Structures are given as structure tokens and as C-alpha cells.
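This report concerns only the one structure given below.
The values are calculated or read from the model by the stated rules, or taken from the named source; none is laboratory data. Nothing here was measured: the structure is a model prediction, and the numbers come from that model. Cβ coordinates were reconstructed from backbone atoms using ideal geometry, including for glycine residues, and neighbour counts include every protein chain displayed. Just the protein is used for accessible areas: all its heavy atoms, side chains included, with ligands, DNA and RNA removed. Shrake-Rupley method; radii C 1.70, N 1.55, O 1.52, S 1.80 Å.
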Amino acid sequence: MLSVLCFRVLRKMQRRHSSNTDNAPPERNRSQTVSSETSVDESGVFESLKAEASSPQQLFSGLAGIPSGTITAAPFQSGAGGDRHGHAEEGPDEQGGTPAPALSELKAVVGWLQKGLPFILILLAKVCFQHKLGIAVCIGMASTFAYANSTLREQVALKEKRSVLVVFWILAFLTGNTLYLLYTFSSQQLYNSLIFLKPNLERLDFFDLMWIVGIADFVLKYLTIALKCLVVALPKIILAVKSKGKFYLLIEELSQLFRCLVPIQLWYKYIMGDDPSGSYFLGGVLIIMYSLCKSFDICGRVGSVRKALKVLCTPQTYGVRATSQQCSEAGDICAICQAEFREPLILLCQ
């Protein structure tokens, strides 16, 4: 009697469950019904509940033509593992195809330059046209310096065979260019910068500063070459050729030091501006920074001048006079220049 009552209760629960799951596959409902009826007939209520909570193998046992023991969990696990391996293999490819941040930023900068290049060229053309006179003068002075310097080096290399006429031509050429330049811009009084004074300018902006500093530097270069020309022109009786190199070194180091000191007052004037009260704090900070940087430069130049003076005052011995026997043992030919001996010396390196 109790088994019949339990069977009816289970039939009512099964009908209610089937009405809620109308979309479920008919094979699964049929298998659940058969399994529940079988369990009730054999073992009662608890066996029917155990059949409803059976393994996936028993769940798919009602499918037609598929045995219950053929479906296992291993294929599903291996398939999931294969998906994971597939994603792991695709990861490096995706990362390798992604451009590096530095490369993408470089491409962005190149693209920006390509777009802004016409405007940059227009701005440069405007600036060059506005300062065409100053640019032309600087190009001319640079060409003059290059010509004079190369010609002087050739004359120094000739030693006793140097041409005094060529040396004086360089000296006259540089003097004429300097005087013509200062006369042309006499209203600006550019020569004041050479004696640490301010030129005659209404205002001192960046371009004016570059103009004055550049002209002063070229004039000092011309003066350096002129002094070297005078040393080259001195005869051998007054100054030996071997001693001229010491004077060249001293003149060059003094020129570097003086060229380092000349623009200091111009930079101070430019940093402070026409109205120092307007930017007193910023100007003071910038002047302190400029003074520190300039002091290191000046200390280095002063050290170089001291070394040049030490070389000038210290007699240099390149070796001892070679005897005729030593010259004959060497084949009467210099091992350095492959020419016959003339006032041969045995150097310290033998």
C-alpha cells in the first residue's frame, strides 16, 4: 500500500516537472521516466531519487544508438586543455604583432613633422629674410676666416721656406675686412664689446645678442691669426722655427681666454633685461647659473694659459746631436721622413 502511494506522488511530481520543462529534449524526458519507473518498481522511493541524481553516463544512456559507457569526462577535459593551449599559442603572436610604444611614438613624431614642415619652412624663410644682412655678413666673415686660417697653416708647414709676401697679404686682408666691417656698422659701435662695453643699441633682444657676440668673436679670431702671421714673418735670426710653436700655443690659449670673457657683460645685460625690477628673481637665478657655468669655463682656460706659459719658459730637448758614425750606421737616411740627414738628432725614442 505504501509503495503504491509513493508511486502516485512521484507521478504527480514528474507531471509537474514535465509541464515546467516543455522545451527539454523528448529523449531525456523519456529516459528519466523509464529510470524513475524502474527504480520505483525495484527499490522504492530512495532508489528513484538516486536515479534522478545519477552520473552523466546514465543521463545520456537514453539516447538512441549510444551506449552508456562510451561518454566519459576525459574528452571534455582534453578539449578544454586544447583550448587553453590554443589561447596560449595565440598570445605571443598577438603581442609580437603589437607595435612597441617607442616605435609608435616615433611614428607620431614623424607624422607631426611631415604635417608641420611647411609651416616651419615658412617661419625660417621669414626669419632669414628679416635678418638677411646679418646672415650675409656672418657667412662672409666665416669664409674670410677659413681662407686666412688655411693659408696661414700652409705657410707654417713650409717653415723656413714660407713666403713673407703671402704672410703680409693675409695680415692686410684681415685688417681691411675688420676695418670695413666696423666702419659700415659704426652707428652701432660694435667695437665697444671688445673692451667690455655695451654697443649703441636701443634694445638688446636675442637676435641682437647673437649679432654682437658673433661679430666680436670673428674679430678676435682675425686678431689671433694676425698675431700668428707676425710670428711666422719673424726671421730665423730673431726667433728659431722650433721655438715658434710655443708662441703659437700661447697666442691661441690667450685668444680662447679673451673670447670667453668678452660676451659676459652682454649676457648679463640680456638676462636682466631693460627693466630689472620686472623679473628680478628670475634674472638673479639665471645670472647665478650662468656665472657658475662660466666660472668653470674660465678656470679651464686659465689652466691652459698657465700650461702654455710653462711650455714657453721651459726649454725642450728633443735629443742629442748624432755623430757621423751613428748617421752612417743608420744609412744616412732619416727613418721618419725617408730623406737625407740635416742637423740630425737622436731622439729620446732612439
Subset of segment 316-341 (residues that are open to solvent by 70 Å² or more (accessible area, probe 1.4 Å), part of a loop (DSSP other than H, G, I, E, B) and at pLDDT below 75): Gln316, Thr317, Tyr318, Ala335, Ile336
Within segment 123-145, how many residues are more than 20 Å from Gly214 (Cβ to Cβ) and either of a type in the set (D, E, K, R) or loosely packed, with under 10 Cβ neighbours inside 10 Å (or both)? 1
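Listed here are the residues, each with its yes/no results for (1) in a helix (DSSP H, G or I); (2) open to solvent by less than 60 Å² (accessible area, probe 1.4 Å).
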| site | (1), (2) |
| --- | --- |
| Val110 | yes, no |
| Pro118 | yes, no |
| Tyr183 | yes, no |
| Leu194 | yes, yes |
| Arg203 | no, no |
| Leu209 | yes, yes |
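Conditions tested, residue by residue: (1) free of Cβ contacts under 8 Å to residues at least 12 places away in the same chain; (2) under 23 Å from Leu174 (Cα atoms); (3) touching a helix residue (DSSP H, G or I) at 6+ places or on another chain (Cβ under 6 Å).
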{"site": "Asn200", "(1), (2), (3)": "no, no, yes"}
{"site": "Leu209", "(1), (2), (3)": "no, no, yes"}
{"site": "Tyr222", "(1), (2), (3)": "no, yes, yes"}
{"site": "Lys236", "(1), (2), (3)": "no, no, no"}
With the first residue restricted to segment 126-142 and required to be closer than 11 Å to Phe218 by Cα, and the second required to be small (Gly, Ala, Ser) and in a helix (DSSP H, G or I), Cβ contacts under 6 Å at 6 or more apart or on different chains are Cys138/Gly214
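Given the options Tyr248, Tyr270, Tyr222, name the one that is assigned by the TED database to the domain that holds Asn149 and open to solvent by 60 Å² or more (accessible area, probe 1.4 Å). Let's see the steps before the verdict.
Numbers: Tyr248 fails: open to solvent by 60 Å² or more (accessible area, probe 1.4 Å); Tyr222 fails: open to solvent by 60 Å² or more (accessible area, probe 1.4 Å).
One residue alone meets the criteria, Tyr270.
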Is it true that Ser187 is closer than 30 Å to Ile287 by Cβ, surrounded by 14 or more Cβ atoms within 10 Å (Cβ to Cβ) and of a type outside the set (Lys, Arg)? no
Which condition does Val232 not pass, out of (1) closer than 15 Å to Val167 by Cα; (2) open to solvent by less than 40 Å² (accessible area, probe 1.4 Å); (3) free of Cβ contacts under 8 Å to residues at least 60 places away in the same chain, if it passes all the others? (3)
Here is a list: Phe247, Phe281, Phe296. Which entry is in a helix (DSSP H, G or I), among the aromatic types (Phe, Trp, Tyr), in contact (Cβ under 8 Å) with a residue 40 or more places away in the chain and farther than 22 Å from Asn192 by Cα? Phe247
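Does any residue of segment 215-234 turn out to be part of a loop (DSSP other than H, G, I, E, B) and either closer than 18 Å to Gly140 by Cα or over 31 Å from the mean Cα position of the chain (by Cα) (or both)? Can you show your working first?
Within segment 215-234, the first condition is being part of a loop (DSSP other than H, G, I, E, B), and the residues that meet it are 234.
Pick out the ones that are also either closer than 18 Å to Gly140 by Cα or over 31 Å from the mean Cα position of the chain (by Cα) (or both) and you get 234.
Scanning segment 215-234 turns up at least one residue that is part of a loop (DSSP other than H, G, I, E, B) and either closer than 18 Å to Gly140 by Cα or over 31 Å from the mean Cα position of the chain (by Cα) (or both).
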